[in-house]
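Okay, structure first, notes after.
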Amino acid sequence: MRRDPDTDAPNFWVFARDYLHAYMPRARRLSPRTVQAYRISLECLIGYLSESKAWTVRTSASTTSNGPT
């Protein structure tokens, strides 16, 4: 897993993007609609965690505050 250069922590956003855009459609051969459904579910989970203050969303310069793209 790629790491954040500032903290050396695993970079969740890069991992999530690679999982949604590379692994799922190519390795698992899932349809674009299935990948979209997973992305939407992940965005909903991140939104819930952010609102409940159970998780702080931090972004890097290459990501947006809405999570993976």
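Values in this text are rule-based calculations from the coordinates and carry no lab data. Model, not experiment: these values are computed from the prediction. Note that we place each Cβ from the backbone using ideal geometry, even for glycine, and neighbour counts take in every protein chain shown.
Below, the figures for the structure above:
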item	result
In nm, spacing of pseudo-spin labels at Cys44 and Ala27 (7 Å Cα→C-beta vector)	2.5 nm
Peptides 10-22, 31-43 ordered by average Cβ neighbours within 10 Å, highest first	10-22, 31-43
